[in-house]
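See structure below.
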Amino acid sequence: MRIAGYLTLLILVACVSVFIGVKDISVWDIFNPDEEQALILTVSRIPRTLSLILAGIGLSISGLILQQITQNKFVSPTTAGTLDAAKLGLLIAFLWIPQAGLFNRALLAFVFTFAASLVFLNITDRIRHRNIIFVPLVGILFGNILSSVSSFFAYRNNIVQNVNAWLVGDFSSVLKGNYEVLFLSVPAIFITYLYANKFTVVGMGEAFSRNLGLNYRQVVNIGLFCVSVTVSVVVITVGAIPFLGLVVPNIISLMYGDNLRKTLPYTALFGALFLLVCDIAGRLILFPFEVPIGVVVGVVGGVLFLILLFRRR
């Protein structure tokens, strides 16, 4: 399928997403909505759909960048400790700066995420036998350590249940005025596209990059910066969404190859489409109740991860 086909399909699914909810709103109501319908559309439905698209694009591209930097198809924000670092930063912000606004919390989460990404890369650089399975396992262990630290602070402050509720990916609370921080991921996505060819070179190894005159560390740091910004704003807005950055780049790689500049638009559109479909499924499974999207993506993504794992083996 061409990019135009994915874009058309994304628009159609986004329109379907706008009309799904407890309050029945038809297509014809868009042209002449009453006051309540207009309020629901502008305050809840449209912001939710926009945030789904932004989060899907951002997390998918973040996974693609991490896979290029680490030269491993199974590394992603889920398997590199990135999501866990963002959750730890968010928890610290709640505990130490409870009066901080959304932007300041995202900034602190970004600091923790960027620092954890540097630590993870430093760990992988010290691994002698960089097996395709061993590296993500190290990342999962690293993420579990960060998660344990978060659990410790949450337990000490008697907010374990609150933290678990905050950090489960859920778009039901997205409203106008509390999701706009997601637009900070747009510059990061633009930078990723500008550096697409350099990320491709970085994916061939440090020695190869230096032989071509590329500043390897600078490009890696730029990639980690983009990933950290995107993951931080997604976690601070809707919570953790696992496996999205892992399965989407792998599926696109199997379909269209590994040319980053070519596959980047496909990864972005497919990631947004995948997240929208999972969100619609979560809203319809127990309608009028809602299954958090973190659970739906976790189940679907976990199954796809196992399929990819056995296929690679």
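Every number here is computed from the coordinates shown, using simple stated rules; none is lab data. All of these numbers come straight from a predicted model, not from anything done at the bench. In this analysis, Cβ positions are derived from the backbone assuming ideal geometry, glycine residues included, and neighbour counts consider all displayed protein chains.
What the table below lists for this structure:
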quantity	calculated
Per-peptide average of other Cβ atoms within 10 Å, ordering 78-85, 293-300 highest first	78-85, 293-300
The stretch 175-194-the stretch 257-313 distance, computed between alpha-carbon centres (Å)	20
Highest average packing first - 150-161, 10-21, 264-275, Cβ atoms within 10 Å	264-275, 10-21, 150-161
Theoretical gain in end-to-end length, residue 151 to residue 132 [0.36 nm per residue, Cα-Cα removed]	3.9 nm
Student exercise, the chain dipole from Lys, Arg, Asp, Glu Cβ charges, in Debye to nearest 20	1240
Efficiency of FRET from Cβ geometry, residue 111 and residue 212, R₀ 30 Å, rounded to 0.05	0.40
Net length gained if the chain between residue 307 and residue 95 were fully extended (0.36 nm per residue, minus Cα distance)	72.3 nm
Point-charge dipole on Cβ atoms (K/R +1, D/E -1) for the stretch 129-286, about Cα centre, debye to 20	280
Per-residue HN-Hα couplings for the stretch 282-291 [Karplus 6.51, -1.76, 1.60; θ = phi - 60°; Hz; x = Gly/Pro]	x, 7, 9, 4, 10, 3, x, 7, 9, 8
Farthest toward positive dipole pole in the chain [+1 Lys/Arg, -1 Asp/Glu at C-beta], among 85, 40, 291	85
Among 49, 281, 70 - extreme Cα towards positive end, dipole of the chain, charges at beta-carbon	70
Calculated SAXS-style log₁₀ I(q)/I(0) at q = 0.16, 0.18 Å⁻¹ - the stretch 75-164, Debye, Cα scatterers	-0.64, -0.77
